[in-house]
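The values are calculated or read from the model by the stated rules, or taken from the named source; none is laboratory data. Please read all numbers here as calculations on a predicted model, not as lab measurements. Backbone-built Cβ (ideal geometry, glycine too); neighbour counts: all protein chains shown.
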Amino acid sequence: MRERRLSLRAKLYLSLCSIALVLLISSIISVMEYRRMSSYISDMVADNIESINAAQKLYDDANAYNLAILSVIGDETSTSRPSFDETSFSTRIDSLRSSAPNSIVAHLADSVQYAYSAYMLTSFELEDVLQSDFIDTRSWYFERLQPRYNRLRHDIDALSNSIYEELANNSETFEGAFYRSIIPGMVAVAVGLLLVIMLLFFLESNYTKPIYRMLASTKNYRSYGRDYTYSFDGDDQLNELNGELKELTEENKNLRKRISAMKLNSK
């Protein structure tokens, strides 16, 4: 049974399709890896920015409340504590704690919670201090309340700095992820170039050189009457073409001999 062989066209198509397949697969991998990392890092960066805004709002609310207390102390006619949205403040702290439960941000958010609780408990003394005839309000503010506010502000600053550091780290991670995502594409280009070089070598050794040798043998036969003796290893149409050329030259050679013999006999 004759073994089935690949045609010249099939070999060329197979080589080119192999290169295209390698480039396509690597490109898909690059795109998927980049989209995955980009989505992941983008979400982390968005969370960091939201946390930074929340920390800034904590600082603004605490500062506004502290200035309001100071204004009440300066106004001798005021006898009530300024209003403060404790629920909103606590909710922001909880959101910061839950945004990164396993990072240092969560621990710093706990510190802010403790400092905030101590500050608020001290601020609740304001009405009693204002109504007391024995407590100096300014001394109470600067000796009791202000140190707790300074602690709260320090912890909020530490929390904000930690979030900024995480944002910087995530930005660097995004840059690193971008370079990692293009590695498959770079590998694909390198493999593609290697396959192209191998294909060119294959075409040169198996097709280009045989065609030039066949052409040279044909010219030698026509110009100098030399035998067509070129042969090469192969199992495709090019080898069949070479065999057909060899048979044609042999038939043409025999035909010339017959014509010459007929001319001699006619004389």
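General observations
- The set of residues in the stretch 223-257 that are surrounded by 12 or more Cβ atoms within 10 Å (Cβ to Cβ) and of a type in the set (D, E, K, R) comprises R226, D227, D236, E240, K246, E250, K253.
Yes/no matrix, rows are residues, columns are (1) in contact with a Ser or Thr (Cβ under 9 Å, 6 or more places away or on another chain); (2) buried (at least 18 other Cβ atoms within 10 Å of the Cβ); (3) outside any loop (DSSP other than H, G, I, E, B); (4) at pLDDT 80 or above:
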site	(1), (2), (3), (4)
R148	yes, yes, yes, yes
A158	yes, no, yes, yes
Y164	no, no, yes, yes
F178	yes, no, yes, no
P184	yes, yes, yes, no
E204	no, no, yes, no
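- Residue match in the stretch 31-47 (condition: surrounded by fewer than 13 Cβ atoms within 10 Å (Cβ to Cβ) and either in contact with a Phe, Trp or Tyr (Cβ under 8 Å, 6 or more places away or on another chain) or polar (S, T, N, Q) (or both)): yes
- Residue match in the stretch 97-106 (condition: surrounded by 18 or more Cβ atoms within 10 Å (Cβ to Cβ), among the aliphatic types (A, V, I, L, M) and modelled with pLDDT of 85 or more): no
- Contacts under 6 angstrom Cβ, first residue in the stretch 50-75 being of a type in the set (D, E), partner assigned to a helix (DSSP H, G or I), 6 or more apart: D61/F89
- Inside the stretch 120-145, residues that are in contact (Cβ under 8 Å) with a residue 60 or more places away in the chain and either within 26 Å of L108 (Cα to Cα) or touching a strand residue (DSSP E or B) at 6+ places or on another chain (Cβ under 6 Å) (or both) make up a count of 2.
- Residues in the stretch 53-83 that are under 15 Å from F124 (Cα atoms) and under 46 Å from the mean Cα position of the chain (by Cα): A62, Y65.
- Boolean, S123 is surrounded by 19 or more Cβ atoms within 10 Å (Cβ to Cβ), at pLDDT 90 or above and small (G, A, S): yes
Listed here are the residues, each with its yes/no results for (1) of a type outside the set (A, V, I, L, M, F, W, C); (2) part of a loop (DSSP other than H, G, I, E, B); (3) within 30 Å of A10 (Cβ to Cβ); (4) modelled with pLDDT under 75.
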site: N220; (1), (2), (3), (4): yes, no, no, no
site: D227; (1), (2), (3), (4): yes, yes, no, no
site: Y230; (1), (2), (3), (4): yes, yes, yes, no
site: G234; (1), (2), (3), (4): yes, yes, yes, yes
site: L238; (1), (2), (3), (4): no, no, yes, no
site: N254; (1), (2), (3), (4): yes, no, no, no
site: K257; (1), (2), (3), (4): yes, no, no, no
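- V72 vs. criteria among the β-branched types (V, I, T) and farther than 30 Å from D47 by Cα: yes
- Being in contact with a helix residue (DSSP H, G or I) (Cβ under 6 Å, 6 or more places away or on another chain), in a helix (DSSP H, G or I) and not acidic (D, E) is a description that applies to M214.
- Of the residues making up the stretch 60-77, those that are among the hydroxyl-bearing types (S, T, Y) and either surrounded by fewer than 16 Cβ atoms within 10 Å (Cβ to Cβ) or within 29 Å of G192 (Cα to Cα) (or both) are S71, T77.
- All positions within the stretch 240-252 that are free of Cβ contacts under 8 Å to residues at least 12 places away in the same chain and closer than 24 Å to A10 by Cβ: E240, G243, E244
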